[in-house]
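Peer 1: Sharing a structure, written as structure tokens. Questions coming.
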Amino acid sequence: MRSRLPIIAAAACLLVATCVEESAADAPRRVARMDFGKTPDGTAVEIYTLTNGKVTAKVMTYGAILVDLVVPDRDGKPGDVVLGFDTLQGYLTANPYFGATVGRVANRVGGAKFSLDGKDYQLAANNGPNSLHGGIKGFDKVVWKAKEMTGPDGPAVQFTHRSPDGDEGYPGNLDVRVTYTVTAANELKIDYAATTDKATPVVLTNHSYFNLAGPASGSILDEEIAIKAANYTPGDEEMIPTGSIAPVKGTPLDFTTPTKIGKRFDQLKAEPIGYDHNFVLDADAKLPNVAATVFDPKTGRVIELLTTEPAVQFYTGNFLDGTVKGKGGVAYAKNQALCLEAQHFPDSVHHANFPSTILRPGQTYRQTTIYRFSAR
Ligand code: BGC
């Protein structure tokens, strides 16, 4: 009888999704939880490790932040590919959104105000006169509740948070869910959902800073990127869109074929120089198709970005200037990482020609973004 138990357990595992966390003692745990310190008000922060044996992600309840993401290079050697800090303290003091879940509205809202259904709303301004990434205390600076959710796609953690009516000036109680899953296809999949009791704009994204050669390995300007976007939304000096949707053709924003990130830096007019632009994804660049691909010639690592969203903000860490010291005490310099923030267009509340970002009671906001890893 005894000898048949493992077979029965294995059969049960095929049926019961959560078994991956509770499998035989010799198998690695797929989701592990640890304490990661406390916020100044004494709230405990937890960090969860999700792994499929090849790709390992660490995510924490503070900011629903992706802390580490370890993926193999072309020789199978594992290495972390995201900027961040070794301790919670780093995230509490000087975090330029490393790994963060950003909301209620990612990117900029011009003048930190908007009108909706005949009512005016004043938001917290934290970027000159504008509101950036949800305001002064956005979703990246709150402690979320966590639940292990391991299911058919792989080991997962679901974070939940209620943003109260009036939070940073936004209307309505917003219930937000963010689920991180490490899938069998070597993907980090991020699913977002939100519901509200008053109409409100909602734009959620992840703000990970990637460096495929490792967070301490210098500039990303030799990495190559392709973005399936024939158009972008030009902005003013404060990066508020003018409202036009312009072709990338003939500009240094044309990444419709793979191009070295630094190749046309000298043609950019931005100060500090670098990419910080909203690319309008082509109609055929939505999930399940690939929207963008980054390749690192040194390690062979590749990220593919897949998303339900209409746009991606491609940002080359232009505001990193060596003052932030991250993992291992490394000073992060300008262009030491890139962000691929899948989202709606910036400042959509002021542009009727942009896809709407308004969520109404009874509706559910949903977005899925996948970072898929491989090496060549
Ligand atoms: C913005 C940048 C900003 C960075 C960090 C990006 O999404 O486009 O302008 O500096 O986030 O806040």
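The values are calculated or read from the model by the stated rules, or taken from the named source; none is laboratory data. Quick caveat: nothing in here was measured; it's all calculated off a predicted structure. Note that we place each Cβ from the backbone using ideal geometry, even for glycine, and neighbour counts take in every protein chain shown. Areas reflect the complete protein model, heavy atoms only, side chains present, ligands, DNA and RNA absent. Shrake-Rupley method; radii C 1.70, N 1.55, O 1.52, S 1.80 Å.
Peer 1: Does segment 152-170 hold any residues that are in contact (Cβ under 8 Å) with a residue 40 or more places away in the chain and in a loop (DSSP other than H, G, I, E, B), and which are they?
Peer 2: Hits for segment 152-170 are Pro152, Pro155, Tyr170.
Peer 1: Among the residues of segment 171-222, count how many are closer than 19 Å to Arg74 by Cα, of a type in the set (S, T, N, Q) and either in a strand (DSSP E or B) or in contact with a Cys (Cβ under 8 Å, 6 or more places away or on another chain) (or both).
Peer 2: Here the count works out to 0.
Peer 1: Can you tell me which residue among Gly262, Gly274, Gly317, Gly329 is of a type outside the set (Phe, Trp, Tyr), closer than 28 Å to Asp73 by Cα and free of Cβ contacts under 8 Å to residues at least 12 places away in the same chain?
Peer 2: On the way: Gly262 fails: free of Cβ contacts under 8 Å to residues at least 12 places away in the same chain; Gly274 fails: free of Cβ contacts under 8 Å to residues at least 12 places away in the same chain; Gly317 fails: free of Cβ contacts under 8 Å to residues at least 12 places away in the same chain.
Testing whether each residue is of a type outside the set (Phe, Trp, Tyr), closer than 28 Å to Asp73 by Cα and free of Cβ contacts under 8 Å to residues at least 12 places away in the same chain leaves just Gly329.
Peer 1: If Val280 passes every condition in (1) of a type in the set (A, V, I, L, M, F, W, C); (2) within 14 Å of Ala229 (Cα to Cα); (3) within 12 Å of the ligand (Cβ to nearest atom); (4) open to solvent by 10 Å² or more (accessible area, probe 1.4 Å) but one, which one does it miss?
Peer 2: (3)
Peer 1: Could you please find all residues in segment 283-307 being surrounded by fewer than 18 Cβ atoms within 10 Å (Cβ to Cβ) and either within 15 Å of the ligand (Cβ to nearest atom) or of a type in the set (Gly, Ala, Ser) (or both)?
Peer 2: Ala283, Gly300, listed by residue number.
Peer 1: May I pose another question? Which pairs have Cβ atoms under 6 Å, sit 6 or more apart or on different chains, and link a residue in segment 177-195 that is over 19 Å from His207 (Cβ atoms) and at pLDDT 95 or above to one that is aromatic (Phe, Trp, Tyr) and assigned to a strand (DSSP E or B)?
Peer 2: Asn186/Phe373
Peer 1: On the given criteria, is Leu306 within 23 Å of Val102 (Cα to Cα) and either modelled with pLDDT of 95 or more or of a type outside the set (Lys, Arg) (or both)?
Peer 2: yes
Peer 1: Every residue in segment 41-55 that is buried (at least 21 other Cβ atoms within 10 Å of the Cβ) and over 23 Å from Pro96 (Cα atoms), please.
Peer 2: Leu50, Val55
Peer 1: Can you name every residue in segment 318-356 that is out of contact with any Pro (no Cβ under 6 Å at 6 or more places or on another chain), more than 24 Å from Thr368 (Cα to Cα) and not in a loop (DSSP other than H, G, I, E, B)?
Peer 2: Once the filter is applied, which keeps residues that are out of contact with any Pro (no Cβ under 6 Å at 6 or more places or on another chain), more than 24 Å from Thr368 (Cα to Cα) and not in a loop (DSSP other than H, G, I, E, B), segment 318-356 yields Lys325, Gly328, Gly329, Ala331, His350.
Peer 1: Specify which of the listed residues (Arg360, Arg376, Arg366) is over 16 Å from the mean Cα position of the chain (by Cα), open to solvent by 40 Å² or more (accessible area, probe 1.4 Å), touching a residue at least 40 places away in the same chain (Cβ under 8 Å) and over 30 Å from Pro215 (Cβ atoms).
Peer 2: Selected residue: Arg360, the only one of Arg360, Arg376, Arg366 that is over 16 Å from the mean Cα position of the chain (by Cα), open to solvent by 40 Å² or more (accessible area, probe 1.4 Å), touching a residue at least 40 places away in the same chain (Cβ under 8 Å) and over 30 Å from Pro215 (Cβ atoms).
Peer 1: Please report, ordered by residue number, the strands (runs of 3 or more DSSP E) entirely within segment 56-151 with at least 3 residues that are among the β-branched types (Val, Ile, Thr) and either open to solvent by less than 10 Å² (accessible area, probe 1.4 Å) or within 16 Å of the ligand (Cβ to nearest atom) (or both).
Peer 2: Output list reads 65-72.
Peer 1: Do we find a residue being surrounded by fewer than 24 Cβ atoms within 10 Å (Cβ to Cβ) and away from the ligand (no atom under 15 Å from the Cβ) anywhere in segment 334-346?
Peer 2: Among the residues of segment 334-346, not one is surrounded by fewer than 24 Cβ atoms within 10 Å (Cβ to Cβ) and away from the ligand (no atom under 15 Å from the Cβ), which makes the answer no.
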